[in-house]
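Read the structure below first, then the notes.
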Amino acid sequence: MPSGALLFQSVILGVLLGGLYALLAAGLTLYFGIMRVVMIAHSAFLILAAYLAWAFHRETGLDPLLSLAVTVPLFFGAGVAMQRLLLTRLRPATLTMMSVLLTFSIALVIEGMLGYVFTGTQRRIQLGYSGASLEFFGARVAVVKLIAFALAAAAMLALYLLMMRSRFGQALRATIQHKEAAQLIGIDTDRVAGYGFGLGLATAAVGGTALALDATIYPSLHWHWIGPLMAIIVVGGLGSVPGAAMAAMVLGMLQSLLQIPFGTTWAQTVFYVALFATLAVRPQGFFGGRLAQRF
Amino acid sequence: MPRDSDSRRRLGRNLRLASLLACAGLVLSFPGLAPNPYILSVGVIVANYAVLSTAWNFVGGFTGYISLGHGALFGLGAYGTGLLITKAGLPSFVALFIAAALVALLMVPVGFAALRVRGASFVIVSIALVLILLLVFQSWASFTGGSRGLVIPRPFADLTRPEHHRVFFFLFAGLLAVALLTWWLVDRSRFGMGLKAIREDEDKAQALGIPTFTYKLIMFVVSATFTALGGGLYALWFGDLDPVFQFSILTGAYMVLMALLGGVRHLFGPLLGALIVGCALEYFKLEYGDTPLHLVATGLLLGMVVLFMPDGVIPALANLSARFSGPAERSIRDVTAAELLESNRREAEQQEVR
Amino acid sequence: MAARTERQAGMHGLETVELTKSFGGVTALDTATVAFQHGKVNALIGPNGSGKTTFFNCVTGMIKPDSGRATYRGFDITGKAPHTIARAGIGRSFQLCRVFPRMTVLDNLLAAVRPGSLKAQLTSSRSREEMERARGWLKRMGIDHLERAEARNLSWGQQKLLELAGVMMGEPETILLDEPAGGVNPALIGRIVTLVRQLNDEGRTFLIVEHNMDLVMSLSDHVVVFDRGRPIAEGPPSMIKSDRRVLEAYLGV
Amino acid sequence: MMNGAKRVRLGMAAIAMVAVVTLAGCGADDGGSGEAATDPIVVGVSLPLTGDFSEPGKGVQRGYEAWAKVVNDGGGLLGRQVELKILDDQSNADRVVSDYEQLIGKDQVDLVFGPFSTRLVVPSARVAEEYGMLFVEPAGAAKEVFEQGFKNLFYAAPAVANDHYNHLAEHILALPADQRPKTVAYAAMDDPFAQGTAYGLKEKMEQAGVKTVVNEVYPPNTTDFSSIAAKIANSKADMVVGGSQYQDGVNLIVALQQLNYQPKLAAFSTAPTSPEFAKAIGNKTDGVLAPTGYTQDAKYPSNTEFVQKYTAQFGSPPEEDEANGYTTGQVVAAAVKAVGCAEQGDCQKRLVEWLRSNEVQTVVGPLRWDDKGRPQGAHMIQQWVDGEIKIVLPEDVKEADFVYPKPKW
């Protein structure tokens, strides 16, 4: 029987982990909402960002957080370019399927290039405060984890405000809700889609930096992220950002708690169990998102 | 139907038969031609690829549903066979078929979850399948051997390695033949017609009374069965299983690449793709010993195919030869172009009649 | 044939009771209770967004209604799978006509065949009698000369005819047509009208959603007018023409 | 469609023809190289130069290259120059097997050396076995490797994984009962080698009645160790043992430090012996233990030469991976010199027989093997003592005293 302290510790870790999941899943579900695209390369970009942060730290010695100034706009641009130059080339009839393959191949290219440039060695950023931690009601919380979480939370908030308050956000939501209708009321859905994609990749940039702070990275790491993320967006309801965030928190927490009785490996399976359960019981997902009914 | 087309058809049938026999002959004579056991082993690998991509094409080609998770089915077949031999002590080939049957059974609920809703969820499930099985087979070490791997006794203990390769080349070729035959039978059947309708437009197909979900599920299970057989045979040939290598997304990716490259709408498309990719892989390994860029190459190739020839090389070939062949064999397109004019003229006439 | 018409004319065909469907906030169908005349040509009209197409999708199983019932000749078809409804005898066309673009014209029809037994499933799709039946329909539509062409290479009008032929291949006794005259040249409209008449004389019921009023009035025996997701008037064309509510509905939008 | 289909099949025939011929052609060019006394001895190797195992793989490669250079500078083997043919197996089992198929079957190499990582050693050893090649390998330490019934396999290092901690176990159990650690927490990577080291120690401790309070296995891809660390810290175990490779060991230690967990003893395989270790965990290394099969300052004659030549060639002193590679070379070379032949066929059998019954002097000390190819030694135990890693066990070779309990980190 695990002690209360351990449980509490795990809950906190769960929250911190869930925060990161939430941010990344938000991006992933965004692509789907906009274009019905399952963006397999999302986590590959995540790792790419992490490597950039690591390299930035190694070259300049500055705090990896500063690399955001470069990676976020860079990734935004990449996202727009990807949508405009690649995805729009695909035939609408087969878009969902073919886009999967396309993004998959992009993921392979990124992984390959990372392996080529940085070798397969596991990398980890060494910071002065890497080992530091705070006492928090008897639980110890690593400073880097807190920073990572804060970063994710801030990004989520920014995303939320952008989507709810800004004019662009309205257009984006309209596009997700009903593309044709959006076009009817004069929204240039293609441009919106492009920017939406950029936004999604920007979340990957932020997430990657947050990840690099406290975890080891290696080129093939992205496979271990895309699985949980995809599970999350299905459970949350494909295309629903709040749904994804919610599901991320719940599942992140579950994973962290299940590690106590079952150990790390088995705990990871919680995502896939949730995925299958959702599809079997409630294909449209548990937190809204009616798109899923048809996709 | 005009007369000449009838005779043309007969000619066509003979030509096809001839070329088919030619291919078969070549395949069977390969082990004889192979100068050394290495080439022979490459042949076995390519044959295995061919089986897998053809098996994949049962789903991808007919229903148009892209599965990136067939690597998992391959792994299941391999491990299933291996475990039935080592744990249950079954004879190798009995184990092979039982394992395939079990995989088929297991894929019914999975297919149910994956196929009830359209497209995206299927892809997601297919990938998730690989990742979850990797986790399970790694963690459940007491049963699967986990990272220690699983060693499978050779079915023919007394054969030298080259002989062993030869035998398995023929076994894979046989399995391939069965898979191709099945594909062909489905392709010409009413069932197959329904499947193709699903690929073209699932709503429409349903509105026409085709039980799309059942059709998709059946095809998924058939595909799984053949993939599992391929995996099991591989296990018997290779002898060493390790979760990390069996449940790899790349395996599935290669199947897709091969099928797509060859052309998913064609019986021999995947086989062709397997030949091209398989030979390419080995060639590059021989020429540029260690290439850290093999992933990049695979990725780029896949991207190219998806963007520029989603129908594969076979239609490309067909059009190419269409350009050289005489008026006797016009390609469909210009036939219709002419007939479209014709039909429009008719419409005009009828208008005047009124 | 004629006899069959008489017998079915009176009896119940497609009926709905308080059928309701809403998307997010928008209510597309609002407790719609309708009965169509079996054996006749029924028309379903109404301003844009009045729920006509949603109604189609609900009764053909493409969308599950939130509440209410739909019955066909007494059988409950509410929320049944599209193929089940199709096999119950209801065929439909789509608003923007949909054919199997990369199949030949002939295959488009053969795909609509519904084999009963497993054996039938596995036998070749190119059986002689089915080919003949298919060619028969193509001839009636006047596109038999195109049977080897891929559907995507057909003109818009030809595709419309092909879609209809495909629907007929399933031998439905009730046919739902969603804007059959949409974007079609007059000559072809004429051809479609005659076809519908003939098929109706052979005892087939039609339910047509159409914006072209002349067509509706000239073709249909019974008209149902939708507004805001529910019927506001029904009756013979002559009566509908002069119905105040109908005019309001149209002018009101 | 029909016409298209027909052409397609014709095309197929053509393609298939081409394909088969090229396939067959692949090997046609260079068959077996004649065994004239002058032409070089070709040594075939497949190593993970890309992919998950690439880093240690490259280490072994450097070891092999250093060996080849030393041999050739010294006039070669049997008067013939040595030439390495190294292929990249991309850390993938299918590849490693087809690599050795190519090396032995097509390139007709005279000798083969083993690859890196237990996971790749077993399949490739089988190929070598079935072609009757001698198979000396630098990195298959897990006990499973020696349970496959291979007759041509030898592990070129002092001890198999499960014996790495033997000296430590003896030392701890020799302590007076009241000082002995009462409880131990084990965390091992799901990898035959890493797990082997930890479980070797676990076995001995449990036999002596030392309680196991945590026993965690984590997949090789684990990057977040906070929850494992939480469990260990929560257990307040007197001693923590990590069956680790490099990075996971570092991560686990950092995670433990984040939780401010202070054990009396902390032993981790591989990680602490790496030069970047101290920096990686913020120099809080004091008292950390690690088994090692090799040390640069070992007094064995060939070692001084190795360290000096290696440093000259690569600019930095060799690590354990490099040493293992070099040792492999030394072992094979010794056999070749003794038997006086190096080619495929019957010669290989003689090499195997010789190694069975003889001892070989190497940079990691004298090696001899049992009938399964297991080396008969144990690893030394190193400990970080005020900022440097020193050998503390066994007594006879120690450079510093065993510090117990370890200072806080």
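The values are calculated or read from the model by the stated rules, or taken from the named source; none is laboratory data. Everything numeric in this text was worked out from a predicted model, so none of it was measured. Don't worry about glycine lacking a Cβ; one is built from the backbone with ideal geometry, like all the others, and counts go over all protein chains shown.
One table, with the values for the structure above:
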quantity	calculated
Enumeration of residues in segment B:150-163 that are in a loop (DSSP other than H, G, I, E, B) and surrounded by fewer than 22 Cβ atoms within 10 Å (Cβ to Cβ)	B:Pro153, B:Arg154, B:Pro155, B:Phe156, B:Ala157, B:Asp158, B:Leu159, B:Thr160
Some residue of segment B:217-233 being at the interface with chain D (Cβ under 9 Å from one of its Cβ atoms), of a type outside the set (Asp, Glu) and either in contact (Cβ under 8 Å) with a residue 60 or more places away in the chain or within 30 Å of D:Ala128 (Cβ to Cβ) (or both)	no
Among (1) more than 14 Å from chain D (Cβ to nearest Cβ); (2) surrounded by fewer than 23 Cβ atoms within 10 Å (Cβ to Cβ) - the single one B:Ala207 does not satisfy	(2)
Meets criteria (within 14 Å of chain B (Cβ to nearest Cβ), of a type outside the set (Gly, Ala, Ser) and either crowded, with 19+ Cβ neighbours inside 10 Å or farther than 26 Å from D:Lys279 by Cβ (or both)) for A:Thr71	no
Single condition A:Pro242 does not satisfy, out of (1) within 15 Å of A:Met156 (Cβ to Cβ); (2) within 12 Å of another protein chain (Cβ to nearest Cβ)	(2)
Complete set of residues in segment A:166-218 that are within 14 Å of chain D (Cβ to nearest Cβ), buried (at least 24 other Cβ atoms within 10 Å of the Cβ) and among the aliphatic types (A, V, I, L, M)	A:Ala210, A:Leu211, A:Ala212, A:Leu213, A:Ile217
Members of segment D:146-166 found to be farther than 12 Å from D:Gly196 by Cβ and in contact with a His (Cβ under 7 Å, 6 or more places away or on another chain), listed by number	D:Pro158
Search result, residues across segment B:7-60 that are hydroxyl-bearing (Ser, Thr, Tyr), facing chain D (nearest Cβ under 7 Å) and out of contact with any His (no Cβ under 7 Å at 6 or more places or on another chain)	B:Ser19, B:Tyr38
Qualifying residue in segment A:1-12 (condition: of a type in the set (Phe, Trp, Tyr) and surrounded by fewer than 18 Cβ atoms within 10 Å (Cβ to Cβ))	yes
Pairs, first in the same structural domain as D:Pro263 (by TED's automatic domain parsing) and of a type in the set (D, E, K, R) in segment D:169-192, second assigned to a helix (DSSP H, G or I) and surrounded by fewer than 17 Cβ atoms within 10 Å (Cβ to Cβ), C-beta under 9 Å, six or more apart	D:Arg180/D:Leu173; D:Asp190/B:Ala141
Within segment C:105-204, helices (runs of 4 or more DSSP H) holding 3 or more residues that are more than 10 Å from every other protein chain (Cβ to nearest Cβ) and either under 15 Å from the mean Cα position of the chain (by Cα) or without any contact (Cβ under 8 Å) to a residue 24 or more places away in the chain (or both)	C:128-141, C:156-169, C:186-201
Only one of B:Ser223, B:Ser147 that is part of a helix (DSSP H, G or I), in contact with a His (Cβ under 9 Å, 6 or more places away or on another chain) and crowded, with 21+ Cβ neighbours inside 10 Å	B:Ser223
Selection status of D:Val136, crowded, with 20+ Cβ neighbours inside 10 Å and in a helix (DSSP H, G or I)	no
Filtered residues of segment D:101-119 (kept if more than 9 Å from chain B (Cβ to nearest Cβ) and within 18 Å of the chain's Cα centre (by Cα))	D:Val112, D:Phe113, D:Gly114, D:Pro115, D:Phe116, D:Ser117
Selection within segment B:23-74 - farther than 19 Å from B:Thr225 by Cβ, assigned to a helix (DSSP H, G or I) and in contact with a Gly (Cβ under 6 Å, 6 or more places away or on another chain)	B:Phe30, B:Pro37, B:Tyr38, B:Ile39, B:Val46
Complete set of residues in segment C:82-93 that are at the interface with another protein chain (Cβ under 7 Å from one of its Cβ atoms) and in contact with a helix residue (DSSP H, G or I) (Cβ under 7 Å, 6 or more places away or on another chain)	C:Pro82, C:His83, C:Ala86, C:Arg92
Unmet criterion (only one of (1) outside any helix (DSSP H, G or I); (2) under 28 Å from B:Phe168 (Cα atoms)) for B:Ala95	(1)
From the options D:Ala139, D:Ala159, D:Ala128, residue that is touching a residue at least 40 places away in the same chain (Cβ under 8 Å) and under 19 Å from D:Gly44 (Cβ atoms)	D:Ala139
Residue satisfying condition, being of a type in the set (Asp, Glu) and crowded, with 18+ Cβ neighbours inside 10 Å, within set C:Glu202, C:Glu179, C:Glu132	C:Glu179
Some residue of segment D:55-77 being basic (Lys, Arg), closer than 30 Å to A:His222 by Cβ, within 13 Å of chain B (Cβ to nearest Cβ) and not in a loop (DSSP other than H, G, I, E, B)	yes
Conditions (1) touching a helix residue (DSSP H, G or I) at 6+ places or on another chain (Cβ under 6 Å); (2) over 24 Å from B:Thr225 (Cα atoms); (3) more than 10 Å from chain D (Cβ to nearest Cβ); (4) not basic (Lys, Arg): number failed by B:Gly77	(2)
Pick from segment C:63-91, criterion in contact (Cβ under 8 Å) with a residue 60 or more places away in the chain and part of a loop (DSSP other than H, G, I, E, B), ranking: nearest to C:His12 (Cα to Cα)	C:Arg73
Test: residue in segment C:87-95 that is under 19 Å from B:Lys216 (Cα atoms), at pLDDT 90 or above and within 16 Å of the chain's Cα centre (by Cα)	yes
Residues within segment A:163-217 that are free of Cβ contacts under 8 Å to residues at least 12 places away in the same chain, over 24 Å from A:Thr88 (Cα atoms) and outside any helix (DSSP H, G or I), tallied	1
Hits in segment D:123-148 - residues which are among the aliphatic types (A, V, I, L, M) and at pLDDT below 90	D:Ala139, D:Ala141, D:Ala142, D:Val145
Single unsatisfied condition, D:Leu77 versus (1) closer than 19 Å to D:Ala335 by Cα; (2) surrounded by 24 or more Cβ atoms within 10 Å (Cβ to Cβ)	(2)
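Matching residues to (1) closer than 23 Å to D:Asp190 by Cα; (2) crowded, with 24+ Cβ neighbours inside 10 Å; (3) under 19 Å from the mean Cα position of the chain (by Cα); (4) assigned by TED's automatic domain parsing to the domain that holds D:Gly59:
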| position | (1), (2), (3), (4) |
| --- | --- |
| D:Val241 | yes, yes, no, no |
| D:Gly249 | yes, yes, yes, no |
| D:Leu259 | no, no, no, no |
| D:Gln262 | no, no, no, no |
| D:Leu265 | yes, no, no, no |
| D:Thr270 | yes, yes, yes, no |
| D:Thr273 | yes, no, yes, no |
| D:Lys284 | no, no, no, no |
